[in-house]
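Note sheet for the following structure.
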Amino acid sequence: MGRPPIPEKSGEISVRLETRHLLDRSFSGLGFVAIFFMAASLVVILLPIIVKGLSAYLFTGTIEFREAMNDQFDHGDRAAVQAEARLAEQARQPLYDCLTAFADGQSKQLDRLTAIAQGMAAREDSLGRSVARKMRRFDPQAPFSSQLKTLQGVYDRAAANRGAVDVVDELAEMNTILAGLSTLNEKVEAFEHALSELLGPLPGQTPPRLLRSQYGQTRWDRALIKQRQFLFEEEWVHPPDGAPSYIKETPRIEHFRGTALEPAFALIEHDLESMLRPKFTFYWRFLTDTSKDANFFGGIWAEVLGTFYLTLGAMLFAVPMGVIAAIYLCEYAKPSRFISFLRTCISTLAGVPSIVFGLFGLAFFLNTLEVSHNKSVLAGSMTLALMILPTIIRASEEAILAVPQTYKEAALGLGAGRWHTVLTVVLPASLPGILTGIVISMGRAAGETAPIIFTAAVSVGQPLSIFKAFSQPTPALPWNIYNLCTEHEAVNELRHVQFGMVFTLVAMVLILNLSAIILRAKVSKKLRG
Amino acid sequence: MDTNASTDTIKMKAMSQFSDDLDQPADIGPGEAHVSARDFSVFYGDFEAVKKLNADFAKGRVTAIIGPSGCGKSTFLRSINRMNDLIPVASTGGQLIFDKLNIYDPRIDVVSLRCRIGMVFQKPNPFPKSIYDNVAYGPRLQGIKKRAQLDDIVEKSLRRAAIWKESKDRLKENALGMSGGQQQRLCIARALAVQPEILLMDEPTSALDPKSTSRIEDLIAELRGGYTIIIVTHNMQQAARVSDQTAFMYEGDLIEFGSTRKLFTNPTEKQTEEYITGRFG
Amino acid sequence: MSAGKSRFQRLTQMAGQGFLLAVTSMSTLAVLFIFYFIAKDAVPFFLKTAGGFNWETTRQFFTGSKWYPAGTPGQFGALSIIYGSAIVTVGAIIVAVPLGIAAAVCLSDVLPFRVRQIVKPVIEILAAIPSVAYGFFALVVFAPMLQEKGDTLLAVGSWIILLPILGLGTLVASDVLSDRFKGRIRTGSRLVLWGLFGGGSLYFLHRFSGFLNSLEIDSGTNAFNVSIILGIMALPTVVSVSEDALQAVGRELREGSYALGATRAETLCLTIIPAAISGICAAVILGVMRAVGETMVVWMASGNAAQIPAPFYNFLQPVRTLTATIAGDMGEADHVTGSYRYSVLFAMALLLLIFSFGMNLASEWVVRRSRKKVGK
């Protein structure tokens, strides 16, 4: 580089200028890297939350979704949904025909087995008697698998009998059929389970108790996963040499080659769309629907409402206290031991870990004051209020101190009392600043989990009416996010709901914060003139 | 100003051309010019704070710049060692020539420029370190690490700034414990330790009491000859006392520039006369 | 005006001020109550049922690492849990402090005003995201990523972080060392040193990333995961507090340093950062407090295994922290209010409370001392 045209001074200088510039530039570079890392981590964290969270609202819903919505929440046009359901039913018919044909074939084989067994039971020798004893328990109305079990017992008994020399052929036939049926039976059960997960209860099945089993896949993305699980059997393989275990996928169709079920796979593989009729859905009611069957259906209204109650309740306590404290500290308090002790207390309060607030709420508001019999929104709000109190005090103090001294002096000079000055001059002038602080701490109160775990939050619950709010616990977004993604029994099935909740919470908090940023920008512009 | 030379050869060529093109001022006045302004302007955004200034600052002499506040004298002073670079909206036009090169030439290395053009500020600004560390700050930056050498530089600088006597027993004490006048002399010592050729002083006594002020003025008189000193001052008596030459600036223009005696006794311009007789300012 | 009226006025004024003071004192009251009520329920843990101080459980609590609160009798060795809190905090600080200070320096001295206006909201949003959202990210997005591709991730990360640092170190070290020579030897020695240091650090990097690549990550929910996320959460605090401290140093010192021919890095490292060091310390303390007190992230993503990792610095193993233990065990302990199982959690809370109180006092002390030193 043709660096210094201003020559270096000769003599003692021993660190080259280039080295110093290199260090300088790399120092700035370090700063840029840090800033970049911060921005990047924001993007990396928010992006999946936003993208996947939006998919709770915007997704491709199947006919099962529309049926469930219609049955459970009375959304949509009943006639239209039913007409569409009939169309889907028609598309599924060939599949169900396969099942029927397969079942027919199986029951024919079962009949043959029964015939052989009954033939043997008709004999007068010891074989006949023992088979007949067994066959007395045979119930043609029993489920397929239990019939099969009885017949297997008959076969075992007969094969063990010494007098069975002249029924060798029958026994051999029985054995073949039994072997075929019982190996298939397990696979058929898995087949039917996978199919009913995909499409809902199969015709002829007894209707399941759980709501989630009464419908097939409501979302096309989930349906595609289930389709794959139907087409391929998954199996964990643990290699003996200690290599990491992995999942092996085998096509399920292999087990059903040559049976009546074989065409079903092609149908599922190619005609799933007409069976489930995926359609782009904007489910804005996710926000305002209550949840059914532990968040499998419906939305998150109970949680959203609970969060609202808790936040507003916290504000109700914290804002008056915080603003009054700030006014006192700025306008009235003279520097003294007590005031500095007060300030230390406020900063200590700001530093108390949130979980400790939760314990305190439990020990004080619930166990000592007994503001309510059990966890309640009231106790939760009070705990949250304590937590955000220091933030509000500080923000309000800053806003009040930012009011130019001249305003106050002018008002005081006009003969207004101190309190009057505060009410008519100081507060109005500092209101935007105070509001900014309030809005930011609202975001904090809405998103905080630890203080409400022991004081207000429950995992499952219905939206509370405002009258019950103070004495009852409530679901709340932050707590239910935790609960749904760690303690729910179907964590992986409900990712979209979890993401939807996180997205909703983050959106609420960010909207609050953005409005605070905008508010502040406006204020500072006004102050700058 | 915007030489976008991309390779070294082009740069070298540009340099040689540049130095050839330099029109040496015909009338250099008393002594050889050390810094010369040629149509030099400083802008803050759209505002022209210094307007097309032309002046030669003589080597080894003390030049005072006077004028009412806001006339651009500090701005001009700060642009000589490019302290204005720290202000994002500031830009310059024209040339400010030092050692045959424009100070604002993009090839100039600001760091080595500032080693050669030192500065003392309005408010004493010693670092919150010991007196020794304050003075040794500049030399250490240049990589001088030997204790004996540093001791030598510190002592010489403190002596030259006439503060050795007061400070030699408390070199390890925090500089913030000194009085304002001592702090300012320490700042001068700190600037001298880098061995600059030019010393810029931006109202160095405005924050000091009269006694400290006169000590600083004595110091300037002692430094005269060894360094080119350019001092901005509010105080006309001070300018008259310490400087060889005086420049009077008004609203960004250089109104008059000449020997101090002449400017104060027989000003050419009416504005100068009005200012020094106290009719405005 | 009658004397009676003015007395009445004075009385109302007094009453009004008294009311204000009373409301203001609520926060003091709150702090005292928090200490009292947490301590009240914690104390039974340290006492024998018959009365008197119980050395046995106290010693077990601080030195034992067996945590079986549900056993009969329950074992309450909290050492591994305290250690878990410590290790994730240290990890978070390793992430947050260098990055936070670098970002603060960049914000206050390097970036132009307009860019700063964009970066500030980024910091605010980072601070505003609820902790449960961070925890969700750590558990649902980051942990599976770590578990599946963690080794590669670490290896690539080590290249990205260490390559520029080592490269720079090579350049600077060889420059400084070769400056001892004069003339042509200088250039030659510099080239030799470049090769020497550069090759050395490349070899080191290769070995190091190979080592990282060979690591096996059994579970994505571990101390490393939590440390990164906690570090990101503590970043905004560290950045904004230390930026305030750097801004407070003022322009005069910066100008003084620049005028002596210092580069920006030299000005910052030799003058501005030392002058702002107390504020930066306060920032670090606040960051530590944020990391120690955080509940949701560690509860969701630390793995919740009450064990001291082996070896003790192994960040890739699951740990369990104080906050997560309180949050997780209270659900079961709730029904047996008054038992050891219940009071041990309050003992942990008391520990946290005392720690954060001490940290808070320390930060106040640091700030006050620096104010005295500067004499403002």
Of (1) in a helix (DSSP H, G or I); (2) surrounded by fewer than 20 Cβ atoms within 10 Å (Cβ to Cβ); (3) away from chain A (no Cβ under 11 Å); (4) in contact with a helix residue (DSSP H, G or I) (Cβ under 9 Å, 6 or more places away or on another chain), C:Pro121 satisfies every one except (3)
Restricting attention to the range A:304-352, and to residues there that are in contact (Cβ under 8 Å) with a residue 60 or more places away in the chain, within 12 Å of another protein chain (Cβ to nearest Cβ) and farther than 25 Å from A:Ala402 by Cβ, which single residue is farthest from the chain's Cα centre (by Cα)? A:Phe317
Taking helices (runs of 4 or more DSSP H) that fall entirely within the range C:200-301, which contain at least 3 residues that are farther than 23 Å from A:Ser41 by Cα? C:223-248, C:251-259, C:277-293
Of all residues in the range C:335-357 being assigned to a helix (DSSP H, G or I) and exposed (fewer than 14 other Cβ atoms within 10 Å of the Cβ), the one that is modelled with the highest pLDDT: C:Ile354
Do we have B:Ala49 as of a type outside the set (S, T, N, Q) and closer than 17 Å to B:Thr260 by Cβ here? no
Residues within the range A:314-333 that are under 14 Å from C:Gly18 (Cβ atoms), at pLDDT 90 or above and surrounded by fewer than 21 Cβ atoms within 10 Å (Cβ to Cβ), tallied: 1
Matching residues, the range A:59-88, being under 25 Å from the mean Cα position of the chain (by Cα) and assigned to a helix (DSSP H, G or I): A:Ile63, A:Glu64, A:Phe65, A:Arg66, A:Glu67, A:Ala68, A:Met69, A:Asn70, A:Asp71, A:Gln72, A:Phe73
Checked against (1) at pLDDT 85 or above; (2) under 30 Å from the mean Cα position of the chain (by Cα); (3) among the hydroxyl-bearing types (Ser, Thr, Tyr), A:Thr250 satisfies every condition except (2)
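Just need a number here: residues in the range A:28-65 that are more than 8 Å from chain C (Cβ to nearest Cβ), more than 24 Å from A:Gly298 (Cα to Cα) and aliphatic (A, V, I, L, M).
Taking the range A:28-65 first, the residues more than 8 Å from chain C (Cβ to nearest Cβ) are A:36, A:40, A:43-44, A:47, A:50-65.
Next, from what is left, pick out any that are more than 24 Å from A:Gly298 (Cα to Cα): A:36, A:40, A:43-44, A:47.
Going one step further and asking which of them are aliphatic (A, V, I, L, M), we end up with A:40, A:43-44, A:47.
Adding up the residues that qualify gives 4.
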Among (1) surrounded by fewer than 16 Cβ atoms within 10 Å (Cβ to Cβ); (2) under 27 Å from the mean Cα position of the chain (by Cα); (3) not basic (Lys, Arg), which single condition is A:His420 missing? (2)
Restricting attention to the range C:152-169, which residues are in contact with a helix residue (DSSP H, G or I) (Cβ under 7 Å, 6 or more places away or on another chain), free of Cβ contacts under 8 Å to residues at least 24 places away in the same chain and surrounded by fewer than 15 Cβ atoms within 10 Å (Cβ to Cβ)? none
Residue satisfying all of: in the range C:1-54; part of a helix (DSSP H, G or I) and more than 14 Å from chain A (Cβ to nearest Cβ); modelled with the highest pLDDT among these: C:Phe46
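Would you check if there is a residue in the range A:272-294 being in a helix (DSSP H, G or I), surrounded by fewer than 22 Cβ atoms within 10 Å (Cβ to Cβ), away from chain C (no Cβ under 13 Å) and without any contact (Cβ under 8 Å) to a residue 40 or more places away in the chain?
Taking every residue of the range A:272-294 in turn, at least one turns out to be in a helix (DSSP H, G or I), surrounded by fewer than 22 Cβ atoms within 10 Å (Cβ to Cβ), away from chain C (no Cβ under 13 Å) and without any contact (Cβ under 8 Å) to a residue 40 or more places away in the chain.
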Only one residue in A:Glu493, A:Glu448 is touching a residue at least 24 places away in the same chain (Cβ under 8 Å), more than 13 Å from chain C (Cβ to nearest Cβ) and of a type in the set (Asp, Glu), so which one is that? A:Glu493
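A quick yes/no check of all residues on (1) modelled with pLDDT of 85 or more; (2) in a loop (DSSP other than H, G, I, E, B); (3) at negative phi; (4) surrounded by 20 or more Cβ atoms within 10 Å (Cβ to Cβ):
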residue	(1), (2), (3), (4)
A:Ile452	yes, no, yes, yes
A:Phe467	no, yes, yes, no
A:Phe470	no, yes, yes, no
A:Asn480	yes, no, yes, yes
A:Ala490	no, yes, yes, no
A:Glu493	yes, yes, yes, no
A:Lys522	no, no, yes, no
A:Lys525	no, no, yes, no
Could you check how many residues of the range A:155-195 are closer than 15 Å to A:Asp125 by Cα and assigned to a helix (DSSP H, G or I)? 8
Single residue of the range C:55-92 satisfying the filter (part of a loop (DSSP other than H, G, I, E, B) and surrounded by 18 or more Cβ atoms within 10 Å (Cβ to Cβ)) that is modelled with the highest pLDDT: C:Ala78
B:Asp85 vs. criteria assigned to a loop (DSSP other than H, G, I, E, B), within 14 Å of chain A (Cβ to nearest Cβ) and closer than 30 Å to C:Phe113 by Cα: no
With the condition being among the hydrophobic types (A, V, I, L, M, F, W, C) and over 17 Å from B:Arg61 (Cβ atoms), I'd like the helices (runs of 4 or more DSSP H) fully within the range B:235-281 carrying at least 1 qualifying residues. B:236-242, B:270-276
Specify which of the listed residues (A:Ser430, A:Ser465, A:Ser441, A:Ser459) is away from chain C (no Cβ under 11 Å) and touching a helix residue (DSSP H, G or I) at 6+ places or on another chain (Cβ under 8 Å). A:Ser430
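Checking the condition in contact (Cβ under 8 Å) with a residue 12 or more places away in the chain, out of contact with any Pro (no Cβ under 7 Å at 6 or more places or on another chain) and within 9 Å of chain A (Cβ to nearest Cβ), which residue from C:Leu107, C:Leu146, C:Leu111 passes?
Answer to the check: C:Leu107.
Being among the β-branched types (Val, Ile, Thr), away from chain A (no Cβ under 13 Å) and over 19 Å from C:Leu270 (Cβ atoms) is the filter here; which residues of the range B:112-163 pass it?
Matches in the range B:112-163: B:Val120, B:Ile163.
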Which one of these does B:Ile231 not meet: (1) touching a residue at least 24 places away in the same chain (Cβ under 8 Å); (2) aliphatic (A, V, I, L, M); (3) in a helix (DSSP H, G or I); (4) under 25 Å from B:Gly60 (Cα atoms)? (3)
When both residues are 6+ apart or on different chains and their Cβ atoms are under 6 Å apart, which pairs have a first residue that lies in the range B:252-281 and is of a type in the set (Gly, Ala, Ser), and a second that is assigned to a helix (DSSP H, G or I)? B:Gly281/B:Tyr275
Within the range A:170-197, which residues are of a type in the set (D, E, K, R) and in contact with a helix residue (DSSP H, G or I) (Cβ under 6 Å, 6 or more places away or on another chain)? A:Glu170, A:Lys187, A:Glu197
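The values are calculated or read from the model by the stated rules, or taken from the named source; none is laboratory data. Just so it is clear, the structure is predicted and the values come from calculations on it, not from any experiment. Cβ sites come from the backbone with ideal geometry, for glycine too, and all protein chains shown count toward neighbours.
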